[in-house]
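Worksheet for the structure shown next.
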Amino acid sequence: MNMTSENPRLRFAPSPTGALHIGGARTALYNWLEAHHEGGALVLRIEDTDRERSTAENVEQILDALRWLELDWDEGPISQASRAERHAAALKQLRASGAAFRDAAAGKDVEAWKAGHGAGRGYRGTPTEEAGAAVRLRVPDEGATVVVDLIRGPISFPNASYDDFVIARGDDTVLYNFAVAIDDAEMGITDVVRGDDHLSNTPKQLLVLAALGHEPPRYAHLPLLHGPDGKKLSKRHGAASVQELRDAGYLPAAVRNYLALLGWGTDDDTTLMSTAELVRRFRVTDVGKAAAIFDEKKLRWLNGRFMREMPLEEYIAAVAAHLDRDPADPALRAACEIVQEKAQTLEEVWPLIGFLFEPPVADEVAWRKVMKPDSGPMLAAAADALASVEPFDPEAIEAALAPVLDRFEVKAGKLYQPIRVAITGGSVSPGIFESISALGREKTLERVAAAVERLAAAATDE
Ligand code: GLU
């Protein structure tokens, strides 16, 4: 990307007005990937100039989300508000040179001016010495401001259509587009990668940079994220914030993989890639122009693949952390071994292994569906077979139960589903022989006996 100059400097610049959402997380990731790919630096800038909406809790939540995603930064977090003196100095410089001026015009004055100057014409202000008037940047009438976007190519904005726009309020506190432009320049940012909802701000930032005599950075505006229904991504499409993804039991590596594919390499948005591979292959210039679809079903599928392919020790650590349990607990380790193939998210793990730790809670729908009149005698026969099997491991258990199938002349499910409901409470669990073995002989026999009893009681009731 950067043929002539030194290592690039990127920045992620969230406004701490809420949690970090999926779109913001993708922006952070793309900046991080580009910085790592190019051997550059990533600066974290917190755009907290909106003093009412920016809270310390929101900042903490964003940092927490980035840490969970394992997206680290090289510099910062730098508070934009803390740079007020730098912004004031730039304002002073522009006022001294005449590039910016106070203008007493109110909104209605601007409208009246525009009404008299024809449609699409940007407002041109009148300098005043009146204290307390807002400060506007002088925008040339001629020419165009061209955003050379790394994704969309050059986009030309005619200067005449831009107002002499307000860069500072009457009390000299600066406005957003002014602060961003100064910060990008003074932090030596070479590449601005952000959502394309900011594209209309970019000409204003370029005009500020030009007025201050700064070289502009390169820009890449990322296409928006949509839900599978084609609408702008929102809460109704599932998890919306990074914390919600974490609580839903996704793995950071899977989330990085999936987010990376949203807009980049979209020929196949289910390709499993390690983060090292993403760093090696990612180029912001390869991001597509079309809106990308965030489909939680695909994330879930991809997450399941990461879960299955993780080394067991890592898997145990992740499950233990998610469940807030001791990773050294032998029962948890045994449970992890049998569930790893089965769960697509960490959140799905406990419902599949909870029966190993707690008495099962009968799922009545599953009970009615699975338990038939002949289930009682079959379960009793299974209990007999399990009472003496040695060792109590999956192979021996399978071998011991096979004759029961033959004796009752039934297919596997007719016996194994009732056993499953009896020992786990429900009809979904890890492999039945593994489940029986992990539960142990004593508890298995107890639970099967309880089911036989319930079936017998139900039979006499009829
Ligand atoms: N603070 C802006 C936001 O959170 C981003 C600004 C930028 O990247 O230039 O949307």
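For region 153-210, which positions are more than 13 Å from the ligand (Cβ to nearest atom), in a helix (DSSP H, G or I) and of a type in the set (D, E, K, R)?
Residue satisfying the conditions is Glu186 alone.
Residues checked against (1) under 47 Å from the mean Cα position of the chain (by Cα); (2) among the aliphatic types (A, V, I, L, M):
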| residue | (1), (2) |
| --- | --- |
| Asp393 | yes, no |
| Ala396 | yes, yes |
| Ala400 | no, yes |
| Tyr416 | yes, no |
| Thr424 | yes, no |
| Ala438 | yes, yes |
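Check off (1) in contact with a Lys or Arg (Cβ under 6 Å, 6 or more places away or on another chain); (2) surrounded by fewer than 17 Cβ atoms within 10 Å (Cβ to Cβ) for Glu85 and give me the number that stays unchecked.
Of the numbered conditions (1) in contact with a Lys or Arg (Cβ under 6 Å, 6 or more places away or on another chain); (2) surrounded by fewer than 17 Cβ atoms within 10 Å (Cβ to Cβ), the odd one out for Glu85 is (1).
Could you check, for region 155-167, whether at least one of its residues is out of contact with any strand residue (DSSP E or B) (no Cβ under 8 Å at 6 or more places or on another chain) and of a type in the set (A, V, I, L, M, F, W, C)?
Yes.
Cβ-Cβ under 8 Å, sequence separation 6+ or interchain: first residue in region 197-214 and within 18 Å of Met187 (Cβ to Cβ) and at pLDDT 95 or above, partner within 11 Å of the ligand (Cβ to nearest atom) and among the acidic types (Asp, Glu). Which pairs?
Gln205/Asp184; Leu209/Asp184
Hey, among the residues in region 27-37 that are in contact with a strand residue (DSSP E or B) (Cβ under 7 Å, 6 or more places away or on another chain) and touching a residue at least 60 places away in the same chain (Cβ under 8 Å), which one's farthest from the ligand (Cβ to nearest atom)?
Across region 27-37, the extreme among qualifying residues is Glu34.
At least 2 residues that are among the charged types (D, E, K, R) in each: list the helices (runs of 4 or more DSSP H) lying fully within region 365-462 that qualify.
Fully inside region 365-462 and qualifying: 394-408, 412-424, 441-461.
Among the residues of region 51-65 satisfying the criterion of being within 14 Å of the ligand (Cβ to nearest atom) and touching a residue at least 60 places away in the same chain (Cβ under 8 Å), which is farthest from Arg26 (Cα to Cα)?
Gln61
The values are calculated or read from the model by the stated rules, or taken from the named source; none is laboratory data. For clarity, every value in this text was computed on a predicted model and none was experimentally measured. A quick note on method: Cβ atoms are made from the backbone with ideal geometry, for glycine too, and the neighbour counts reach across all protein chains shown.
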